[in-house]
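All remarks here apply to the structure that follows.
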Amino acid sequence: MSHLELFQETLQSTLRDVIPIALVLIGFQMFVLRQKIAHAWRVLRGFVYVLLGLALFLMGLEEAIFPLGEVMATQLTNPAFLYGDLYKDGVAVIETIRWQDYGWVYAFAFAIGLATTLAEPSLIAVGMKAQQVSGGAISAWGLRLAVSLGVAIGVSLGCFRIVTGTDLWLYIVVAYVLVILQTMRAPKMIIPLAYDSGGVTTSTVTVPLLAALGLGLAATIPGRSPLIDGFGLIAFASVFPIMSVMGYAQISRWLENKKKNTGGEDAL
Amino acid sequence: MNLRYLAQPFRPLFEAARDLMPIILVILFFQELVLKQPIPNMEEMLIGMLMVLLGLALFVRGLEIGLFPLGESMAFAFAKKGNVFWLLLFAFLLGFGTTVAEPALIAVAGKAAEIAAQGGVIESTQEAVESYADGLRMTVALSVGTAIVLGVLRILKGWPLHFCIIGGYFVVVAMTYFAPDEIIGIAYDSGGVTTSTITVPLVTALGVGLASSIRGRNPMLDGFGLIAFASLLPMIFVMLYGIMI
């Protein structure tokens, strides 16, 4: 398919996604609120930018990053790569899976989780808003880095879980308990933002690559089901950012207090 | 000064380049040094990366001049009008409308129906599979609509968010025991699928706009949290769907 055709197709599917929203917005604007939009043309131009931008973005991902990322995920989880000499002529010499042998998988999961979350458009949007609303006390970049670190840690732990075959519920329940404990201690202002970041991370860029990694890993390890273990990674990627964002706020408050050497109110 | 004025339109482009750099570095590092393989289709890669860069820059500029101001001005207008019914209806339609046509959701629902047919939960006729998929899609769209309504109600009433969300987690964990195995994976996935790239900025602007125009509400404390509802409720609704069918 030529670039132009592909672009047309992506633009159409983005449009289909946007039309219901546009109808709701226009309907309420015209019939319920009955007010003129300030800078209507500017807003309309903004909508066109968002549409075109999203279509270009998705198409570029499909073209450049997803295919290569998926091939890399499959290659990295391949026993022939992981075990090298122990895996000859397509027959495994090893008998049991050792989690230590999967070092590169954890490293890749960490790196790709971090990098893709930093480029996630919805997170960019939330970061911009948070910086504006907090009057700069929370920097957009700092928030995004905190969320990305959370995803990175969560995803590599998720890969460790698939390799060892431990129970998903154990991890999720422990993570929820930690979230509750942190909620009691963290600065109040950060809590809604932290909860929101959990939902934002699993979006356009991150999910396809994580799914490829999870499926590749589950398919090459005997006894793992791609159905059950594949989705587990996404659950990890949405719980850990909540912890890392609250942690980020706790650390910056601690640093602030240390600098001022007074136990006053936090800066957030 | 002059130079700065000239550089202004390119700022989103520079920022997009900065945002994408980590992905390029990670891919290069693992491909060249760990897997020790050349990059296939170098030309395609470069063109694709250029599109991603341009797309991201356009998207961010569009947010600044389009989605954010619109979401906020509508929130102010609703607050001024003071009619709760219209506001809640708007919230519901915004959540429902953005989810029901979401391509990722359509894909997930179709896959879920196939799994259910294989597992013998439903008959494996085309008709049964399609109606299961449609039912699932409607369930998720309804749940997101309800989530935004609840979230807006929370902003109006000033309920503390963490009680709502932690309470919701308990419900999720409890329901996981009762829900059939086939649906659990889909339920957990559906939480992530619903928050699309266009919904997030609009819903965030709505929440922040409402919280800053209602007296006694703090935009940091009350404005955020709508997305948290929108990723929690679908899990609960989808598991309910699995239990009922």
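Observations, loosely collected:
- Filter pass, residue B:14 being of a type in the set (Phe, Trp, Tyr) and closer than 15 Å to residue A:68 by Cα: no
- Flag for residue A:160 being buried (at least 24 other Cβ atoms within 10 Å of the Cβ) and out of contact with any strand residue (DSSP E or B) (no Cβ under 8 Å at 6 or more places or on another chain): no
- Among residues of the range B:214-229 being touching an Asp or Glu at 6+ places or on another chain (Cβ under 9 Å) and part of a helix (DSSP H, G or I), the one that is farthest from residue B:87 (Cα to Cα) is B:228.
- Set side by side, the residues A:191, A:153 differ, and just one is touching a His at 6+ places or on another chain (Cβ under 8 Å) and among the aliphatic types (A, V, I, L, M), which is A:191.
- Yes/no for residue A:69 being at pLDDT 90 or above, crowded, with 16+ Cβ neighbours inside 10 Å and either among the β-branched types (Val, Ile, Thr) or closer than 23 Å to residue B:195 by Cβ (or both): no
- Count of the range B:176-201 residues, restricted to those that are buried (at least 19 other Cβ atoms within 10 Å of the Cβ), of a type in the set (A, V, I, L, M, F, W, C), in contact (Cβ under 8 Å) with a residue 40 or more places away in the chain and assigned to a helix (DSSP H, G or I), is 5.
- All conditions but one from (1) facing chain B (nearest Cβ under 9 Å); (2) buried (at least 22 other Cβ atoms within 10 Å of the Cβ); (3) at pLDDT below 80 apply to residue A:216; the one that does not is (1).
- Of the residues screened, residue A:80 is one that is modelled with pLDDT under 80, among the small types (Gly, Ala, Ser) and out of contact with any helix residue (DSSP H, G or I) (no Cβ under 6 Å at 6 or more places or on another chain).
- Conditions (1) more than 26 Å from residue B:160 (Cβ to Cβ); (2) surrounded by 20 or more Cβ atoms within 10 Å (Cβ to Cβ): number failed by residue A:208: (2)
- Residue pairs meeting the criteria (Cβ under 9 Å; at least 6 apart or on separate chains; first over 21 Å from residue A:77 (Cβ atoms), in the range A:198-222; second among the aromatic types (Phe, Trp, Tyr)): A:198/A:240; A:199/B:229; A:201/A:240; A:204/A:57
- Residues of the range B:114-136 classified as β-branched (Val, Ile, Thr), closer than 22 Å to residue B:234 by Cβ and free of Cβ contacts under 8 Å to residues at least 60 places away in the same chain, total: 1
- One residue alone among A:155, A:151, A:177 is farther than 23 Å from residue A:120 by Cβ and either in contact with a helix residue (DSSP H, G or I) (Cβ under 9 Å, 6 or more places away or on another chain) or part of a helix (DSSP H, G or I) (or both), and that residue is A:177.
- In the range A:175-197, residue nearest to the other protein chains (Cβ to nearest Cβ) [restricted to those that are touching a residue at least 60 places away in the same chain (Cβ under 8 Å) and either among the β-branched types (Val, Ile, Thr) or on the phi > 0 side of the Ramachandran plot (or both)]: A:183
Each row is one residue, and each column tells you yes or no for (1) within 30 Å of residue B:50 (Cβ to Cβ); (2) modelled with pLDDT of 90 or more; (3) surrounded by fewer than 21 Cβ atoms within 10 Å (Cβ to Cβ).
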{"residue": "A:13", "(1), (2), (3)": "yes, no, yes"}
{"residue": "A:18", "(1), (2), (3)": "yes, no, yes"}
{"residue": "A:22", "(1), (2), (3)": "yes, no, yes"}
{"residue": "A:27", "(1), (2), (3)": "no, no, yes"}
{"residue": "A:35", "(1), (2), (3)": "no, no, yes"}
{"residue": "A:38", "(1), (2), (3)": "no, no, yes"}
{"residue": "A:58", "(1), (2), (3)": "yes, no, no"}
{"residue": "A:65", "(1), (2), (3)": "yes, no, no"}
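- Residue among B:92, B:76, B:68, B:85 that alone is in a helix (DSSP H, G or I) and crowded, with 23+ Cβ neighbours inside 10 Å: B:68
- Residue check, residue B:97 in a helix (DSSP H, G or I) and either surrounded by 15 or more Cβ atoms within 10 Å (Cβ to Cβ) or without any contact (Cβ under 8 Å) to a residue 60 or more places away in the chain (or both): yes
- Residues that are surrounded by 17 or more Cβ atoms within 10 Å (Cβ to Cβ) and at pLDDT 90 or above do not occur anywhere in the range A:95-102.
- Within the range A:238-260, the only residue that satisfies the criterion of being over 21 Å from residue A:123 (Cα atoms) and either crowded, with 22+ Cβ neighbours inside 10 Å or touching a residue at least 60 places away in the same chain (Cβ under 8 Å) (or both) is A:253.
The values are calculated or read from the model by the stated rules, or taken from the named source; none is laboratory data. Remember, it's a predicted structure, so these values are computed and weren't measured experimentally. When we count neighbours, we look across all protein chains shown, and the Cβ atoms used for this are built from the backbone with ideal geometry, even at glycine.
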